[in-house]
1. Has segment 53-61 got at least one residue that is open to solvent by 40 Å² or more (accessible area, probe 1.4 Å) and either basic (Lys, Arg) or touching a residue at least 40 places away in the same chain (Cβ under 8 Å) (or both)?
2. Between a first residue in segment 95-112 that is in contact (Cβ under 8 Å) with a residue 60 or more places away in the chain and a second residue that is of a type in the set (A, V, I, L, M, F, W, C) and not in a strand (DSSP E or B), which pairs have beta carbons less than 7 Å apart while being 6 or more apart in sequence or on different chains?
3. Search segment 1-38 for residues being in contact with a Gly (Cβ under 8 Å, 6 or more places away or on another chain) and open to solvent by 60 Å² or more (accessible area, probe 1.4 Å), and hand back the single one that is farthest from Trp105 (Cα to Cα).
4. Consider Lys75 against the criteria (1) in contact with a strand residue (DSSP E or B) (Cβ under 9 Å, 6 or more places away or on another chain); (2) of a type outside the set (Gly, Ala, Ser); (3) surrounded by 13 or more Cβ atoms within 10 Å (Cβ to Cβ): it satisfies all of them except one. Which criterion is unmet?
5. Could you please let me know if Ser104 is small (Gly, Ala, Ser) and touching a Cys at 6+ places or on another chain (Cβ under 9 Å)?
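The values are calculated or read from the model by the stated rules, or taken from the named source; none is laboratory data. Predicted model, so just to flag it, every value in this text is computed and none were measured. Every residue, glycine among them, receives a Cβ derived from its backbone with ideal geometry; neighbour counts consider all protein chains shown. Keep in mind that these areas ignore ligands, DNA and RNA; they rest on the heavy atoms of the full protein, side chains included. Shrake-Rupley method; radii C 1.70, N 1.55, O 1.52, S 1.80 Å.
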Amino acid sequence: QVQLVESGGGLVQPGGSLRLSCAASGSGFSAYTMGWYRQAPGKQRELVATITSGGSTNYAASVKGRFTISRDNAKNTVYLQMNSLKREDTAVYYCNANYFSLISWGQGTQVTVSS
């Protein structure tokens, strides 16, 4: 099972960009489906994007065309490039690793979109 550490969050103005990173430690990273989720205050955690071991991606409708998930298996890292950020993207963003019954979560990184 992998351990996950997110980084790259912060404060950004509407229309700006951020890139989140999630570094994994442990074995078997390349076999995991990796994902980014987010949770805004008072709301449930929701899926943002996933990428399979084969590189297939899936996005929430609210971020499609603005966000891009990618992975570098040599670096055991998954990324979330976020462009054209909106105030409603403000949330804690969590990294997720999923391999059958093995599921890991990171501690989360805060993204705040505000002028």
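1. no
2. Close Cβ pairs (under 7 Å, with a partner that is of a type in the set (A, V, I, L, M, F, W, C) and not in a strand (DSSP E or B)) amount to Ala97/Val2; Tyr99/Ala31; Ser104/Val2.
3. Arg19
4. (3)
5. yes
Residue-wise test of (1) open to solvent by 50 Å² or more (accessible area, probe 1.4 Å); (2) under 14 Å from Ser53 (Cα atoms).
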{"position": "Lys64", "(1), (2)": "yes, no"}
{"position": "Thr68", "(1), (2)": "yes, no"}
{"position": "Ser84", "(1), (2)": "yes, no"}
{"position": "Arg87", "(1), (2)": "yes, no"}
{"position": "Tyr94", "(1), (2)": "no, no"}
{"position": "Asn98", "(1), (2)": "yes, yes"}
{"position": "Leu102", "(1), (2)": "yes, no"}
{"position": "Gln107", "(1), (2)": "yes, no"}
{"position": "Gln110", "(1), (2)": "yes, no"}
